[in-house]
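The values are calculated or read from the model by the stated rules, or taken from the named source; none is laboratory data. Values in this document were obtained by computation on a predicted structure and should not be read as measured data. Here Cβ is always computed from backbone atoms with ideal geometry, including for glycine, and neighbour counts include all displayed protein chains. Protein only, heavy atoms only, side chains kept; ligands, DNA and RNA dropped before computing areas. Shrake-Rupley method; radii C 1.70, N 1.55, O 1.52, S 1.80 Å.
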Amino acid sequence: MRRRSIESRAIASVGYDPAMAILEIEFTSGDVYEYFAVPPSVHDGLLAAESPGRFFQSRIRQKYPDRQKR
């Protein structure tokens, strides 16, 4: 999945597969996680957020099933 860089102290890049509803996040630590059953509106909200890290904490983390890729 292709990811694009974003301006964030916590998140390095974000990718999204709308057909599978999978959100992929690379953190500045180098860890990469996939989040499943994520609606497009949440992906769009993350990209538009003033603070992507805070958006992630409140709207994504522990709300969607996840899997660490690396």
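Could you list, ordered by first residue, the pairs with Cβ atoms under 6 Å in which the first is in the range 47-64 and under 14 Å from ARG9 (Cα atoms) and free of Cβ contacts under 8 Å to residues at least 12 places away in the same chain and the second is of a type in the set (A, V, I, L, M) and open to solvent by less than 70 Å² (accessible area, probe 1.4 Å), at least 6 apart or interchain?
Partner pairs satisfying both residue conditions: PHE55/LEU46; PHE55/ALA49.
Return the residues of the range 18-58 that are under 18 Å from ARG70 (Cβ atoms), under 11 Å from the mean Cα position of the chain (by Cα) and either modelled with pLDDT under 95 or open to solvent by 50 Å² or more (accessible area, probe 1.4 Å) (or both); say none if nothing qualifies.
TYR33, PHE36
Considering only the range 1-58, state which residues are small (Gly, Ala, Ser), touching a helix residue (DSSP H, G or I) at 6+ places or on another chain (Cβ under 8 Å) and not in a loop (DSSP other than H, G, I, E, B).
Listed by number, the list holds a single entry, GLY45.
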